[in-house]
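Heads up: the structure comes next, in structure tokens.
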Amino acid sequence: MFNKLLGRFSKDLGIDLGTSHTLVYVRENGIVIHEPSVVALNTRNDQILAVGTEAKDMLGKTPPHIQIIKPLTKGVIADFEVTEKMLKYFIDKVHAESFTIVPRPRVVMGVPLETTEVERKAIEDAALSAGAREVFLVENPMLAALGSRLPLSESVGMMVVDIGGGTTEIAVMSLAGVVAWKSLDIAGDEMNKNIIQYTRDTFNLLLGERVAERLKIRIGTAMEPEAPLEIEMRGRDLLSGLPKELMVNDTQIREALQRSVAIILENVKAVLEVTPPELVADIYERGIVLTGGGALLRGLDTLIARETSIPVRVADDPITAVVRGAGALLENESLLKDIALPSSRQSDLL
């Protein structure tokens, strides 16, 4: 009863709890938070010093007693307590200017396809502990499809490739359900590691994670671009131990990313191979939709289209597709009840 009363003064939220970034959608207000899923923790007194962008800016620059934690790994919770504190920080930030002393929002959250019941329960419990009064979990590709304005409830086949930070999820959907799918742990973070390993092996240069990400965003490509791209990179020379700056071009970064891109492409084909022919015909007509930050890799859509002979398009603002889908569900109660995964609290009662 008390929760319901507090709920009247709370804002319903859609949350994309990603490995690299967390996005929060507020009903009637749109996306209000888009910050890295990073927490800075003082290990001496177990106090949280910073969350999100402020914590990410400390990456690689902290003294030994300050630990930079990424509480999610490959889309699932690796550190429950830190995830709970991070969610509480974001929920309180959303309600900072409202009259609510103790926020009790309803929350729609995305989860990866290949999560176990235990992993889903951890996500639900973290949100409830952070202050949510009710939590609905929905599979990420379903939210990405909704956020890309695909007709999820209709009897037509649609294919979404959601390339996030920790996971790539490839799903064929029809009638508000997933028909064929694959979930990979090759995604944005793995591509950053590919670049770090490549520069280490090729140039004897050790890069930081943020530098590798910058190289991927600025000159990363899946196919040869029309005009060559080049950028400077700074790191530590492994031979001398001193700082060093080198120029790197798109051909070299493409070579670094080649293995990860090939695995994603191979699995797109594998999902199409097990998709019923009627749905494949629909996908051929409607095309494949790319979502997530990885969809912005230059030439990836063209490469997939060339290799599958199916039209491919990148969703409008692909990074926010999942959280926009969660926001759309806040406005559509009947569809939310149809596609939300069973609550672990219900199964506990049974």
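FYI, it's all coordinate maths here, none of it is from the lab. From a predicted model like this one, the values you see are computed outputs, not experimental measurements. All Cβ positions, even for glycine, are placed from backbone atoms using ideal geometry, and neighbour counts span all protein chains on display.
Overview of values
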| item | result |
| --- | --- |
| The range 188-257, Cα convex hull volume normalised per residue, Å³ | 69 Å³ |
| Residue order, fewest to most surrounding Cβ atoms within 10 angstrom, among ASP317, ASP12 | ASP317, ASP12 |
| Karplus-derived HN-Hα couplings along the range 295-309 (A = 6.51, B = -1.76, C = 1.60, θ = phi - 60°), whole Hz, x at Gly and Pro | 5, 7, 4, 4, x, 5, 4, 5, 5, 5, 4, 5, 7, 9, 6 |
| Spin-label zone in the range 189-223 - amide nitrogen under 14 Å from a point set 7 Å from the Cα of ASP237 along the C-beta vector | 203-206 |
| In sequence order, calculated HN-Hα J values of the range 230-247 (Karplus, 6.51, -1.76, 1.60; Hz; x Gly/Pro) | 8, 7, 8, 10, 10, x, 9, 5, 6, 7, 9, x, 9, x, 8, 10, 9, 8 |
| Mean Cβ neighbour count within 10 Å, used as a protection proxy, ranking 81-91, 132-142 highest first | 132-142, 81-91 |
| Long-range HN-HN contacts of VAL111 with modeled amide H, under 5 Å | VAL138, GLU139, ASN140 |
| Relative contact order, percent, the range 264-350 [alpha-carbon distance under 8 Å, six or more residues apart] | 25 percent |
| Where a label projected 7 Å from the Cα of SER155 along Cα→Cβ would reach, residues of the range 174-214 with amide N under 12 Å | 175 |
| Under-5 Å amide H pairs with VAL179, H placed in peptide plane, nonlocal only | VAL172, MET173, SER174 |
| Estimated 222 nm signal from helices in the chain, with DSSP H stretches of n ≥ 4 weighted -39500 (n - 2.57), rounded to 500 | -12000 deg cm²/dmol |
| Approximate spin-label separation LEU229-ALA262, in nm, with each point projected 7 Å along Cα-to-Cβ | 2.1 nm |
| Within the range 188-257: Cβ-based charge dipole about Cα centre, in debye rounded to nearest 20 (Lys, Arg +1; Asp, Glu -1) | 280 debye |
| The chain - percent relative contact order, Cα under 8 Å, separation 6 or more | 19 percent |
| Separation in nanometres of the label points that stand 7 Å from Cα toward Cβ, at SER334 and LEU49 | 5.3 nm |
| The range 101-142 and the range 277-330: distance between their alpha carbon centers, rounded to Å | 25 Å |
